[in-house]
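One structure is given here, and the rest of the page talks about it.
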Amino acid sequence: MADDFSLKDHQGNSSFVIDGDTEYNNETGKRERLAGVNARETAKVSKDKYGEDVFEAPELGSAAQREAYKKIVEQGGFNYKVNTGKYDSNGREIIERYDADGNSLSETLIATGIVRPDIYTSPEAIQAREDYLLREQLTGKPGNFSEIANDVEQAREITGLAFKQTALNEAVYNPDIHSGVAFRDHDRTLDNKGIGILGQMGDAWDAGWVGVREGMYGYLEGIGVMTGSEMLEGIGAQGTMRAREELRNAPEGILDYREVDGLLTGFQYVMNNAAMSAPYMVTTFGAMAAAVPATIWWSCLERNGRRKRC
């Protein structure tokens, strides 16, 4: 496998191949997405819902697709890069590469089967794939770049068989790279979903109390920062971290309306959100109830003097 994934276009501008459909433009410092193809993701670090860094393992065959992208650009002379001025949902500008005969890189990658089409793939690219397969069947000869395409297909199969490992728990389980879970928790499914309506409601109730606890520790940390108490700040920070880790590893339930696809999931959505909200409401009403006698006592002191009993 090549270690250098840098490319040059017809104007001498350099870029770096990130994966089988994305380049990093060294001149602009921005990522660019090849039009109409969908390659597998290489390893990367992203942010979870708490803003923490999370390592995402590479998808099977992603390294081979990345290698194939570079090889086909260089061997096929796809050096004429065109920036379309359009952008995808991740803010990457859509580009296309052409060879000296006007053939596009995206159609070539689709035709050879190196990458998958997506919703933006042109009808011409889909037809190019069908023509490529038909030509191989009729002539009995391999098509252009068939050796590179075969390397990608073999990498998908061999990597999938040889390197699947056991996930630590259901929260990190990925069927593409894991063969099972080391420490199985039977209160959830293998894909980390709560079991049944009552099970998901219980998980949502527990998550609500963990959220309350996280808020209290966050408040304690803030008090420590304002008062200069390192002890309070440390206790609050550690408590917040433990609560977030507990939430991160908790079973997943239907809490987003976009997951509702029927009457049953709609009912689960309503009940799960109600269960998660209940601890917050309990603590709020509890605080209000505790404030009533405290207010009466304070008013009595103000009215009768601090030395008199109330």
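Computed 3J(HN,Hα) for region 57-62, one whole-Hz value per residue from the Karplus formula 6.51 cos²θ - 1.76 cosθ + 1.60 where θ = phi - 60°, is 5, x, 7, 4, x, 5, glycine and proline marked x. The calculated FRET efficiency for the pair Ser146 and Ser89, based on their C-beta separation and a Förster distance of 45 Å, comes to about 0.85.
The amide H of Ile94, built 1.01 Å from its N in the peptide plane, has Arg33, Thr84, Gly85, Lys86, Tyr87, Asp88 as neighbours under 5 Å, considering only residues 5 or more places off or on other chains. Coupling constants for region 14-25 follow from the phi torsions by the Karplus curve (6.51 cos²θ - 1.76 cosθ + 1.60, θ = phi - 60°), and in residue order they are 9, 8, 10, 7, 8, 8, x, 9, 9, 10, 9, 7 Hz; glycine and proline get x.
Put simply, the amide H of Lys193, placed in the peptide plane, has neighbours under 5 Å in Glu252, leaving out anything fewer than 5 places away on its chain. For the residue pairs Lys47/Lys193; Lys8/Lys86; Lys70/Lys141; Lys44/Lys141, the C-alpha atoms sit more than 27 angstrom apart in Lys44/Lys141. Amide H to amide H, with H built 1.01 Å from N, Arg40 comes under 5 Å of Gly20, counting only residues 5 or more places away or on other chains. Using only Cα coordinates, the Kirkwood hydrodynamic radius of region 194-262 works out to 13.4 Å.
Restrict the search to region 1-74; then list the chymotrypsin sites (Phe, Trp or Tyr not before Pro) that DSSP places in a loop and that have at most 14 other Cβ atoms within 10 Å of their Cβ. Passing both the DSSP loop test and the Cβ count: Tyr50. The label-point distance for Asn13 and Leu198, in a model that sets each label 7 Å from Cα toward Cβ, rounds to 6.2 nm.
Throughout, read-outs are computed from the coordinates displayed, never taken from laboratory work. Treat the numbers as computed from the prediction; the structure is a model and nothing was measured. Counting neighbours? That spans all protein chains shown, and the Cβs are built from the backbone with ideal geometry, glycine included.
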